[in-house]
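The values are calculated or read from the model by the stated rules, or taken from the named source; none is laboratory data. Predicted model, so just to flag it, every value in this text is computed and none were measured. Ideal geometry is used to build each Cβ from the backbone, glycine not excepted, and the neighbour counts take in all protein chains shown.
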Amino acid sequence: MAAATAGCPVDDLLQGTAGHDGGPQRPPDATTAPADAGALKDETGASIDAAAADSDDASDASRADDGASLPDAPQDMTYYTLDDPARWSFFSIAGVANGTTKYSGAAFDGRYLYFVPNFSPPSVLRYDDRGAFTDPSSWTSYTPAAAIVAAGGSKTGTYTYRGGAFDGRYVYLAPFGSNAYALQFDTQQPFSQDAAWTAFNAATIDTAANYWGALSDGRYTYLVPNNTTKVVIYDRMATAEGGVGFGSSAAWSVYDLGTGNQGFWGGAYDGTYVYFAPFSGSVAARHDTILPPTSGWDVGATGFDFNNNFVLGTTAHFWGGAFDGHRVYMIPNQTQSWTLAAYATSGQFSDYGSWTTCALGSQLFGGKVTGSAFVGAAFDGRRLILVPYGSPASDAGVPPLPVVAYDTTQGLCPTPLSAAYTVFAPTTLDGGAGALGFEGAAFDGQYVYFVPHAGSVMARFEAKSVNQGLSPSVYTGSWW
């Protein structure tokens, strides 16, 4: 599901009219329905749900090449059903990606989607959402090797990434595995220009550097710690006020979460708090972004322990998070029975009563093998769409789960689950046989994009009839 609002100009963020200096806004009360809860329609256009749609206009003011703008006035808008074949399209990126097609997560800057390379040399794939999805000219790839070398890397080193974020101007890629070089791209510069890219060696401030995701609150960008207990945090204001660049350690700070507090995988941002999803641990953590980055952390005893509260085991196996305007979700990877968890942001974070869980497996897809999993999610303004992993026979052969859409206007765990959940397998459609093995997703205001990892086919679902911007508007960063 993460950064500065898409409708908030960069200068406003830096001057404090939105974001830190002016103070992030507290999230909406838990009783507030998600914005733009429009009518669901089937493939014939018949209304399934008559809920009214609210406009959440998100301009692209921070883009230098602004292009076409979103509608100035609300337009009639409907949500299309997940099982409508006409709303799905597929594109093999093998011909536009430079090398392999193993991506892990995506970031969206208001016009372009950036797919994060989980391979080396790290070729970033970019899609212009104002171009045709299946038109190769809408796609560009670039390998920022010059930036890595300039920061002290080797021309022959291995540099893989996992997860990305956008802060209102810059796109960030989180270093993964043996790679410690975080990347920043200035979206006001040409994509394939070396000078637009900067790298920072996170090992200079964290010797155990290994991050699984990135999140931004508009000023600070947080690299999500996995094999380390340290959160490394970049301060964009250091550049704006002090002239200290991304590549300088002076622009970074480190916060040690403490012994045993690691193993996170992605997370979410709700406009005030940044959340880390527990994967190899069981305790969710969060940070109050109104406070300095080295304080205001709820972790360990002040975090939320899924094992103590819901007996989900010492390794919770959530992968990524999402926010719908009033609840933060932890996305099931291989949690017991694929248990989805939701936190009502109006409640106390460590309070059992603020959380709800729902075991999806037995009712929605009983019979799937244990190895099947979800990897991240996207929120389309009304529905939380869970991204299935599962892979071709050449890559362990784990059968994929279906795509699952949860209608957030309904209770998390109704009886039956079909009252709030829809499942659909896009692999059954023409052109969709290879559409599996995803890691993460992104939403651009109208379409949900499923990020290919084990395969080369990207799937796209038209969630809404009209692009009314992102809702909540904080969704401009990592979607897992």
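Structure above, values below:
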{"item": "Inter-residue pairs, beta-carbon under 6 Å, first closer than 27 Å to Arg111 by Cβ and in the stretch 428-457, second in a loop (DSSP other than H, G, I, E, B) and basic (Lys, Arg), 6+ apart", "result": "His453/Lys102"}
{"item": "Single condition Gln262 does not satisfy, out of (1) touching a strand residue (DSSP E or B) at 6+ places or on another chain (Cβ under 8 Å); (2) under 30 Å from Leu470 (Cβ atoms); (3) not β-branched (Val, Ile, Thr)", "result": "(2)"}
{"item": "Criterion: closer than 22 Å to Tyr79 by Cβ and either modelled with pLDDT of 95 or more or crowded, with 18+ Cβ neighbours inside 10 Å (or both) - qualifying residue of Gly361, Gly347, Gly376", "result": "Gly376"}
{"item": "Odd one out for Met330, checked against (1) over 20 Å from Pro472 (Cβ atoms); (2) surrounded by 15 or more Cβ atoms within 10 Å (Cβ to Cβ)", "result": "(1)"}
{"item": "Extreme residue, modelled with the lowest pLDDT, among residues of the stretch 272-288 that are farther than 15 Å from Lys230 by Cα and among the aromatic types (Phe, Trp, Tyr)", "result": "Phe279"}
{"item": "Every pair of residues 6+ apart whose Cβ atoms lie under 9 Å, when the first sits in the stretch 153-168 and is under 18 Å from Gly321 (Cα atoms) while the second is charged (D, E, K, R) and part of a loop (DSSP other than H, G, I, E, B)", "result": "Phe166/Asp109; Asp167/Asp217; Asp167/Arg219; Asp167/Arg236"}
{"item": "Residues of the stretch 205-257 satisfying the condition of being surrounded by fewer than 18 Cβ atoms within 10 Å (Cβ to Cβ), closer than 17 Å to Arg162 by Cα and either modelled with pLDDT of 95 or more or small (Gly, Ala, Ser) (or both)", "result": "Ala208"}
{"item": "Residue match in the stretch 390-409 (condition: at pLDDT 95 or above and part of a loop (DSSP other than H, G, I, E, B))", "result": "yes"}
{"item": "The lone exception for Leu340 - which of (1) crowded, with 24+ Cβ neighbours inside 10 Å; (2) out of contact with any Pro (no Cβ under 6 Å at 6 or more places or on another chain) it fails", "result": "(2)"}
{"item": "Arg126 being outside any helix (DSSP H, G or I), within 19 Å of Val96 (Cβ to Cβ) and among the basic types (Lys, Arg)", "result": "yes"}
{"item": "Flag if Ala145 is within 21 Å of Asp186 (Cβ to Cβ), among the hydrophobic types (A, V, I, L, M, F, W, C), crowded, with 16+ Cβ neighbours inside 10 Å and in contact with a Pro (Cβ under 8 Å, 6 or more places away or on another chain)", "result": "yes"}
{"item": "Those residues of the stretch 106-142 which are of a type in the set (Gly, Ala, Ser) and more than 12 Å from Phe166 (Cα to Cα), in sequence order", "result": "Ser120, Ser123, Gly131, Ala132, Ser137, Ser138, Ser141"}
{"item": "Positions within the stretch 447-463 being at pLDDT 95 or above and either touching a helix residue (DSSP H, G or I) at 6+ places or on another chain (Cβ under 7 Å) or among the polar types (S, T, N, Q) (or both), in sequence order", "result": "Met458, Ala459, Phe461, Glu462"}
{"item": "Residues located in the stretch 129-164, provided they are under 25 Å from Leu215 (Cβ atoms), assigned to a loop (DSSP other than H, G, I, E, B) and under 23 Å from the mean Cα position of the chain (by Cα)", "result": "Asp129, Thr143, Pro144, Tyr159"}
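Yes/no matrix, rows are residues, columns are (1) of a type outside the set (A, V, I, L, M); (2) within 20 Å of the chain's Cα centre (by Cα); (3) surrounded by fewer than 24 Cβ atoms within 10 Å (Cβ to Cβ):
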{"position": "Thr78", "(1), (2), (3)": "yes, no, yes"}
{"position": "Asp84", "(1), (2), (3)": "yes, no, yes"}
{"position": "Ser92", "(1), (2), (3)": "yes, no, yes"}
{"position": "Asn98", "(1), (2), (3)": "yes, no, yes"}
{"position": "Lys102", "(1), (2), (3)": "yes, yes, yes"}
{"position": "Arg111", "(1), (2), (3)": "yes, yes, yes"}
{"position": "Phe119", "(1), (2), (3)": "yes, yes, yes"}
{"position": "Val124", "(1), (2), (3)": "no, yes, no"}
